[in-house]
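Data first, discussion second: the structure below is written as structure tokens.
The values are calculated or read from the model by the stated rules, or taken from the named source; none is laboratory data. This one's a predicted model, so the numbers in the text were calculated from it and none came from an experiment. No Cβ is skipped: glycine too gets one built from the backbone with ideal geometry, and neighbour counts run over all protein chains shown. To get the accessible areas, we keep the full protein, side chains included, count just its heavy atoms, and leave off ligands, DNA and RNA. Shrake-Rupley method; radii C 1.70, N 1.55, O 1.52, S 1.80 Å.
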Amino acid sequence: MENGPDSFEKELTEGPESEKEGEKRMAEKKRNGTEKGTERRYSFISNAAWHWREQFTREPKAAVSVLLLSLVAISLPLLNARLPKLVLQGLEERWELMRFVAVLLLLVAVLAVANMLQAALKAYMRRMQGPFEDDFNLRLLKKRLRVDYEILESRQFNEDAHAVYDSLYRPHSVVRDSSMIWQQSLTAAGGLLLYGLILLRQSLLVPLLVLIPALLVFLLKRKAMRRDHELRPAADEAARKMRYVEERGWDLRAGKDIRMYDLGGWLLGILKRERKTGETNVRLWENGYLEANLCDALLCFARDAGAYLYFILQIVQGTLPVSDFVWYISVVASCQQACSALLENAELLGRLSFDYSRLRLFLESGEGDIFQGTGVEEESGKTGAGAEGKGRKTGFDSAAPSRTKKAVGIELEHVSFTYPGSRVPTLKDLNLTIRPGEKIALVGLNGAGKSTLVKLLCGLYRPTSGTIRVGGRPLSSFGREEYFSMIAAVFQDVKLLPLTIAQNVASDNGEDIDRERVRQCLSLAGLWEMVDGLPQKEDTPLGRGVLDDGIELSGGERQKVWMARAFYKEAPILILDEPTAALDPLAEQEIYEKYVQMSKGRTSLFISHRLASTRFCDRIVLLENGRITEQGSHEELMEKKGAYARLFEVQGKYYRKEESGKEWDEAMQMGGAQA
């Protein structure tokens, strides 16, 4: 991790350096219409149809409950209005006592049943919100796990993912409350239609008193919604930056730099600045809704006054009995409430449609096309260029991968790679053939392009130009799982899961773990002595922050666990991208000596800017400025006295036990003499 505020600012504004990768390609896809971006949105009708299709497919009982609850909610105001009308009507018409009591008891019983049914349906809907939300969360997680790595690293993908997660988990999320919003909207729309027809029987003027003010308020809220859509992206960007700063505050690795370089105040300043930006945008769009709501209140007062005046005049003229006055006034009030609810839910439905568009576009966006195979080896006539043009299946390959333990060859034909946004190629016209079972050491200074080449070979990146062939097949003709099953890799950035040591090594949390092999691999990685001293040995859980009895490993120990995992996986290709960077030179030398045993019968590639591994390899490839400048055995390259020989001479003394021990003894003697 880089020190100082510059590295934090760079990640804050651009994301990590790796996040730039894939952006150019994604932008080209969006321009060509092959990648869905946030510029495109689905219509309200399309999102509404999608919602109900999802509801009836995934939670049909909840969907039926929404419709049933809407019918009950529409009926209840009419039943409540009917009760006082019948009382007054019975008094006006002098009903018999038995008839009076029977009618009232029947109506009260129907009201009680309707209220109980409404309460039960609401409770059921609240309970079903969790599974519906969890289903969306699972689909989002699957999306992140399935996309090609170059897309996963891109800033655009991560911004879209953050916006979608924010729509699910922010306070008062409309996506989380979508079922309730639709139920209230259906209730309001159905009630407005039914109550309006009842009022229309009395006079056309009364429905107009309700509908005209409602239409004016609706237009004002539409204007506020447009402002909301314009300002929300800026608020989302501010929220993303705030989230980044908050995450850095909890990041133990960043914690050292923050304290050593006094970055706490600077990060808090960024947090306050972005919070102010977000709050300003929120306030601007909320003010639009506030203006619409104030107009709604004023028009509601005028609407009530007009309705009362009209019906009172009807009573004075003798054309309307008092019982009907009570009935119609109640219906007017219900119609007003339905209008207000419809307007309020129109705003919520607009927000829901906006969030659904982002969610659908994210879920339906391309997952990449590095691998275009079906997961099984193509017929001989379908490999090569023909296979390159085939489309890929979305998600993980459904076909069983063709797993092979036999070493395979690797060919690079005029392979070049340029990071998006850069004009200088990182790798330039590489041509390299690795024979099956050959052990290759890829060496070079920092920035030579070693890690980039590793990611290309692992299928994480796609070459800008050129072809990579594995076992005679173009890399793109493989299925994703099929290809990944052929590679055991150890990268510089080591991440361990909060599982036991054995489960991390075996990549299995079940009971099908070969414990003897786990111990053997831990021994080969130089970690068994430490693990054997633990009370639970290989069953010791990792992750102190997650598990109560979990332990934390040092950087070097974490790398050794990953090396043991690479040993455990019986893959025909082994790739180590500076796996011993956290080890001292002598320990690194011992690891590579043991590793020779495990690399037998496999195609192996070691990447390092330190040269401790080179003597154990069949061939050494020197990478300089993105080009292969030298290759051959250690002895051949030393005889050439070129760049490799010079690097080896500079580093060689740090890898020799004899010289290291001699220097240490001399240092101790000097220290003793001084004492």
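Below is a table of values for the structure above.
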read-out	value
Residues satisfying the stated conditions in the stretch 284-310, i.e. open to solvent by 70 Å² or more (accessible area, probe 1.4 Å) and of a type in the set (Phe, Trp, Tyr)	Phe301, Tyr308
Residue check, Gln317 surrounded by fewer than 20 Cβ atoms within 10 Å (Cβ to Cβ), modelled with pLDDT of 80 or more and farther than 25 Å from His229 by Cα	yes
Check on Arg232, open to solvent by 90 Å² or more (accessible area, probe 1.4 Å), in contact (Cβ under 8 Å) with a residue 40 or more places away in the chain and under 30 Å from Ser353 (Cα atoms)	no
Residues of the stretch 478-528 satisfying the condition of being charged (D, E, K, R) and within 25 Å of the chain's Cα centre (by Cα)	Arg480, Glu481, Glu482, Asp493, Lys495, Asp508
In the stretch 351-366, the residues that are crowded, with 19+ Cβ neighbours inside 10 Å and either in contact with a Leu (Cβ under 9 Å, 6 or more places away or on another chain) or not basic (Lys, Arg) (or both)	Leu352, Ser353, Phe354, Asp355, Tyr356, Ser357, Leu359, Leu361, Phe362, Ser365
Residue check, Ser422 in contact with a His (Cβ under 9 Å, 6 or more places away or on another chain), hydroxyl-bearing (Ser, Thr, Tyr) and open to solvent by 40 Å² or more (accessible area, probe 1.4 Å)	no
Unmet requirement for Ala341, which otherwise passes all of (1) at pLDDT 80 or above; (2) of a type in the set (Gly, Ala, Ser); (3) within 23 Å of Arg226 (Cα to Cα); (4) out of contact with any Gly (no Cβ under 9 Å at 6 or more places or on another chain)	(4)
Some residue of the stretch 356-366 being within 21 Å of Thr187 (Cβ to Cβ) and under 31 Å from the mean Cα position of the chain (by Cα)	yes
Neighbours by Cβ (under 7 Å, 6+ apart or cross-chain): first from the stretch 275-291, farther than 18 Å from Lys221 by Cβ; second of a type outside the set (Phe, Trp, Tyr) and outside any helix (DSSP H, G or I)	none
Some residue of the stretch 218-229 being part of a helix (DSSP H, G or I), aromatic (Phe, Trp, Tyr) and within 30 Å of Cys295 (Cβ to Cβ)	yes
Some residue of the stretch 79-99 being among the basic types (Lys, Arg) and under 19 Å from Asn345 (Cα atoms)	no
Residue in the stretch 488-504 that is open to solvent by less than 40 Å² (accessible area, probe 1.4 Å), β-branched (Val, Ile, Thr) and farther than 22 Å from His609 by Cα present	yes
Among (1) without any contact (Cβ under 8 Å) to a residue 12 or more places away in the chain; (2) closer than 30 Å to Asp369 by Cα; (3) outside any helix (DSSP H, G or I), the one test that Leu145 misses	(3)
Matching residues in the stretch 542-565 - criterion: being modelled with pLDDT under 85 and outside any helix (DSSP H, G or I)	Gly543, Arg544, Gly545, Val546, Leu547, Asp548, Asp549, Gly550, Ile551, Glu552, Leu553, Ser554
Residue match in the stretch 90-105 (condition: in contact with a helix residue (DSSP H, G or I) (Cβ under 9 Å, 6 or more places away or on another chain), surrounded by 15 or more Cβ atoms within 10 Å (Cβ to Cβ) and outside any helix (DSSP H, G or I))	yes
Complete set of residues in the stretch 259-283 that are over 27 Å from Arg351 (Cβ atoms) and crowded, with 17+ Cβ neighbours inside 10 Å	Leu263, Leu267, Ile270
Ala114 being in contact with a Lys or Arg (Cβ under 8 Å, 6 or more places away or on another chain) and either outside any loop (DSSP other than H, G, I, E, B) or open to solvent by 50 Å² or more (accessible area, probe 1.4 Å) (or both)	no
In the stretch 458-468, the residues that are outside any loop (DSSP other than H, G, I, E, B) and either at pLDDT below 90 or open to solvent by 30 Å² or more (accessible area, probe 1.4 Å) (or both)	Ser465, Gly466, Thr467
The stretch 623-641, residues that are exposed (fewer than 14 other Cβ atoms within 10 Å of the Cβ) and not acidic (Asp, Glu)	Lys640, Lys641
Contacts under 8 angstrom Cβ, first residue in the stretch 117-139 being more than 12 Å from Met180 (Cα to Cα) and in contact (Cβ under 8 Å) with a residue 24 or more places away in the chain, partner of a type in the set (Val, Ile, Thr) and in a helix (DSSP H, G or I), 6 or more apart	Leu117/Val72; Gln118/Val72
Gln129, sole failed condition from (1) closer than 28 Å to Leu69 by Cα; (2) within 9 Å of the chain's Cα centre (by Cα)	(2)
Any hit, the stretch 428-445, residues being touching a Phe, Trp or Tyr at 6+ places or on another chain (Cβ under 9 Å), in a strand (DSSP E or B) and of a type in the set (Ser, Thr, Tyr)	no
So Val206, is it assigned to a helix (DSSP H, G or I) and more than 30 Å from Gly543 (Cβ to Cβ)	yes
Cβ pairs under 9 Å, 6+ apart, first in the stretch 615-641 and over 13 Å from Ile440 (Cα atoms) and of a type in the set (Asp, Glu), second assigned to a loop (DSSP other than H, G, I, E, B) and open to solvent by 100 Å² or more (accessible area, probe 1.4 Å)	Glu624/Leu445
Selection status of Val331, open to solvent by less than 20 Å² (accessible area, probe 1.4 Å), modelled with pLDDT of 75 or more, part of a helix (DSSP H, G or I) and β-branched (Val, Ile, Thr)	yes
Single match in Arg176, Arg232 (criterion: outside any helix (DSSP H, G or I) and within 30 Å of Arg58 (Cβ to Cβ))	Arg176
Of all residues in the stretch 510-561 being surrounded by 14 or more Cβ atoms within 10 Å (Cβ to Cβ) and in contact with a Gly (Cβ under 7 Å, 6 or more places away or on another chain), the one that is nearest to Trp250 (Cα to Cα)	Gly543
Spans of helices (runs of 4 or more DSSP H) in the stretch 469-533 with at least 2 residues touching a helix residue (DSSP H, G or I) at 6+ places or on another chain (Cβ under 8 Å) and modelled with pLDDT of 85 or more	501-506, 515-524, 528-532
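Residues checked against (1) within 30 Å of Leu460 (Cα to Cα); (2) surrounded by fewer than 17 Cβ atoms within 10 Å (Cβ to Cβ); (3) at pLDDT below 80:
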site: Arg155; (1), (2), (3): yes, no, no
site: Val175; (1), (2), (3): no, no, no
site: Ile181; (1), (2), (3): no, no, no
site: Leu200; (1), (2), (3): no, yes, no
